[in-house]
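Working notes, beginning with the structure itself.
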């Protein structure tokens, strides 16, 4: 979870307003201790936190946050099981679309709501 947005981690160097995300999209160009420390455009990341993606399209970046949000909502908060009826509000949004797919792939009947007929495909 993001400790900055929960006010549990606020470094002295960051003053509001600030971005709360730490996600980044890029290419691994060098690994280990040989990465130049003075190269500001480089982002240091542990191998465990890196996820390989099929392309460098910026749209992919939001999938991580939306996917984690959907997964936590369905699996952790609501303890979703198979064979249930699952209501997904805002099903046309980023997290909603992924929640619908998660719930359906778990063998559930899914009902989705959205704010307009256009978003619902009607």
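The values are calculated or read from the model by the stated rules, or taken from the named source; none is laboratory data. Values in this document were obtained by computation on a predicted structure and should not be read as measured data. Backbone-built Cβ (ideal geometry, glycine too); neighbour counts: all protein chains shown.
Taking residue 55 as the residue in question, decide whether it is at pLDDT 65 or above and surrounded by fewer than 10 Cβ atoms within 10 Å (Cβ to Cβ). Considered against the rule, which asks whether it is at pLDDT 65 or above and surrounded by fewer than 10 Cβ atoms within 10 Å (Cβ to Cβ), residue 55 comes out as yes. Within region 85-111, the set of residues being crowded, with 18+ Cβ neighbours inside 10 Å and under 20 Å from the mean Cα position of the chain (by Cα) comprises 88, 91, 95, 96, 98, 99, 100, 102, 103.
In region 101-122, the residues that are touching a residue at least 12 places away in the same chain (Cβ under 8 Å) and at positive phi reach residues that are exposed (fewer than 10 other Cβ atoms within 10 Å of the Cβ) and not in a helix (DSSP H, G or I) with C-beta atoms within less than 9 angstrom, at least six apart or across chains, in these pairs: 107/82; 107/83. If you check 61, 74 for being within 30 Å of residue 113 (Cβ to Cβ), at pLDDT below 80, surrounded by 10 or more Cβ atoms within 10 Å (Cβ to Cβ) and within 16 Å of the chain's Cα centre (by Cα), only one passes: 61.
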